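Below is one structure, written out as structure tokens; the observations come after it.
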Number of protein chains: 2
Amino acid sequence: MNSPHTTTIRIEPLKVACSSCNLRELCLPLGLSQPDLERLDTLVDARRSVPRGAALFRAGDPFHSLFAVRTGFFKTCVSSEDGRDQVTGFQMAGELLGLDGISTDRHSCDAVALEDSQVCVIPFSDLEGLSREFTDLQRQFHKIMSREIVRDHGVMLLLGSMRAEERLAAFLVNLTQRLQSRGFSASALVLRMTREEIGSYLGLKLETVSRTFSKFQEEGLLEVKQRHIRIADQEGLRKLVNGPNC
Amino acid sequence: MNSPHTTTIRIEPLKVACSSCNLRELCLPLGLSQPDLERLDTLVDARRSVPRGAALFRAGDPFHSLFAVRTGFFKTCVSSEDGRDQVTGFQMAGELLGLDGISTDRHSCDAVALEDSQVCVIPFSDLEGLSREFTDLQRQFHKIMSREIVRDHGVMLLLGSMRAEERLAAFLVNLTQRLQSRGFSASALVLRMTREEIGSYLGLKLETVSRTFSKFQEEGLLEVKQRHIRIADQEGLRKLVNGPNC
DNA sequence: CGGCTTATTGAATCACATCAAAACGCGTGG
DNA sequence: CCACGCGTTTTGATGTGATTCAATAAGCCG
């Protein structure tokens, strides 16, 4: 009964259940046995909608929960005292947000939705409790944290030693890989973020990002129409990432 | 009585015991109760010496253990397919090495001793086991991983948005803070790494690092004599980090 | 439509890189 | 002890990729 005056089958709000979530092969449940999975269902007690442009959390907010992206797209960014800020990552379905908060019980970055999004709320102390009982869950959680560290090291390599073209190519290759593993096309994508946000992530100015897109287009690597990208030469892009010399 | 031809009391090799380690307030044991601490002693089953220039582990090595620096100094670095590499961090006493290995059961970076060093070997499955029993240990370990993520985000901010002078100032301020919390002087330090390694960490060329040191010296911020640094104007350095405008 | 954010493109500038040479420091062996 | 060689550091001259400033264009939404 969605409208009060008609008698219809009441549609249950989709139960939040990791065991039946189509993201379970990307998210926290990865690798868990069926019984463990069902216990995990007790963990995620709520969902939360975050409209485009709104913050899921901000630096300084008290930390209680991790968040798993169910639908939508986020950016995380840190800022220095003098106002400069740096996008530290973009998160899509199945990826975890909030790991930064564990260290001081306060978040140290902002997480902002780049489109209308929905997240699963995972109370952290519950997760710790459950992972004391299930070694597989414990292991999976540790892998996720470690993966984030490894990813960050990759970004440092990018920021510390690559030129603009290599950075943008690496960004696009990474993005398409992640989209592909979620069932999207490997060759066409819609960017959820502005040139400025891409630039912030890559340590470049927005004009440089725009110019580099144009250059890639001239070279026949991409077709760029605003935020719509078609990858014309996957191999060419890959070569750029690993240095043009090899 | 240290000479071989005298009969003396045999000096036991110092027992590896977290509960009596002078680094316990910086390292994994931080915040643990006395009984927990004593259980932790069973965890660290060996020490390992790493001579200067040698690797504790290398990218691709199988991952079994974490390492806590007891004495000495390390760098970690990742490298891209085409041979460029990036120093991702410098580790000193009480800091953990090897967190990158958890994600894939293989290390993804090299850890190299910059001076003769000694580490405590922490078998990871033992740590996971113990942290299933002691919530405080579990929490502390999670905080350490999270802290590494937060630190990495700080480095991204540095690499993505700071100029050479700000980067070097931030590096020095960070280094002296960590040394100070280990009981060393806040104003004098000896760099364990080359200009090239500093440059790699900061995303700069070694010449730029050297020039920036010279500039700081001219401005009266530092006294630089090769790897010996004396900080003459702590406040001046700090101002540089947070942007010269504020 | 008109106002707004976002994106593109050009020209001038600048911070850092590159190339090159010299000086310094340190350990080794004569 | 000093001479030698080698890795490291410093410094200068020049080059360049990215930034900055500025103007225009393109999409978006009420």
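Things worth noting here:
- Pairs meeting the criteria (first residue in region A:219-236 and among the acidic types (D, E), second residue part of a helix (DSSP H, G or I) and open to solvent by 50 Å² or more (accessible area, probe 1.4 Å), beta carbons under 7 Å, at least 6 apart or on different chains) are A:E223/A:Q217.
- Test: residue in region A:139-148 that is at pLDDT 95 or above, among the aromatic types (F, W, Y) and within 16 Å of DNA strand D (Cβ to nearest atom): no
- Unmet requirement for B:Q180, which otherwise passes all of (1) within 15 Å of DNA strand C (Cβ to nearest atom); (2) without any contact (Cβ under 8 Å) to a residue 40 or more places away in the chain; (3) surrounded by fewer than 19 Cβ atoms within 10 Å (Cβ to Cβ): (1)
- Residue in region A:160-172 that is within 14 Å of DNA strand C (Cβ to nearest atom), in a helix (DSSP H, G or I) and over 27 Å from B:G89 (Cα atoms) present: no
- Single residue of A:L26, A:L37 found to be in contact (Cβ under 8 Å) with a residue 12 or more places away in the chain, assigned to a helix (DSSP H, G or I) and either away from chain B (no Cβ under 14 Å) or not small (G, A, S) (or both): A:L37
- Complete set of residues in region A:105-128 that are surrounded by fewer than 21 Cβ atoms within 10 Å (Cβ to Cβ) and at the interface with another protein chain (Cβ under 8 Å from one of its Cβ atoms): A:E128
- Filter result for A:S214 (of a type in the set (S, T, N, Q) and farther than 22 Å from A:K75 by Cα): yes
- Meets criteria (within 14 Å of chain B (Cβ to nearest Cβ), part of a helix (DSSP H, G or I) and at pLDDT 95 or above) for A:E207: no
- Filtered residues of region A:194-246 (kept if among the small types (G, A, S) and within 13 Å of DNA strand C (Cβ to nearest atom)): A:G199, A:S200, A:G203, A:S210, A:S214, A:G243
- Considered as a group, the residues in region B:45-74 that are of a type in the set (D, E, K, R) and farther than 11 Å from B:L114 by Cβ include one that is surrounded by the most Cβ atoms within 10 Å (Cβ to Cβ), and that residue is B:R70.
- Failed item, numbered, when A:T76 is tested on (1) modelled with pLDDT of 95 or more; (2) in a helix (DSSP H, G or I); (3) among the hydroxyl-bearing types (S, T, Y): (2)
- Whether a residue is within 11 Å of chain A (Cβ to nearest Cβ), charged (D, E, K, R) and more than 16 Å from DNA strand D (Cβ to nearest atom) was assessed, and B:R167 does not pass this test.
- Count - residues of region B:12-38 that are charged (D, E, K, R) and surrounded by 16 or more Cβ atoms within 10 Å (Cβ to Cβ): 2
- Where B:S79 falls short, out of the listed (1) more than 10 Å from chain A (Cβ to nearest Cβ); (2) surrounded by fewer than 17 Cβ atoms within 10 Å (Cβ to Cβ): (1)
- Of the residues making up region A:192-200, one or more are within 18 Å of A:F74 (Cβ to Cβ), open to solvent by 30 Å² or more (accessible area, probe 1.4 Å), polar (S, T, N, Q) and more than 12 Å from chain B (Cβ to nearest Cβ).
The values are calculated or read from the model by the stated rules, or taken from the named source; none is laboratory data. All values derive from a computational prediction rather than experimental measurement. Positions of Cβ are generated from backbone atoms using ideal geometry, with glycine treated the same way; all protein chains shown enter the neighbour counts. Only protein heavy atoms, including side chains, enter the accessible area calculation; ligands, DNA and RNA are left aside. Shrake-Rupley method; radii C 1.70, N 1.55, O 1.52, S 1.80 Å.
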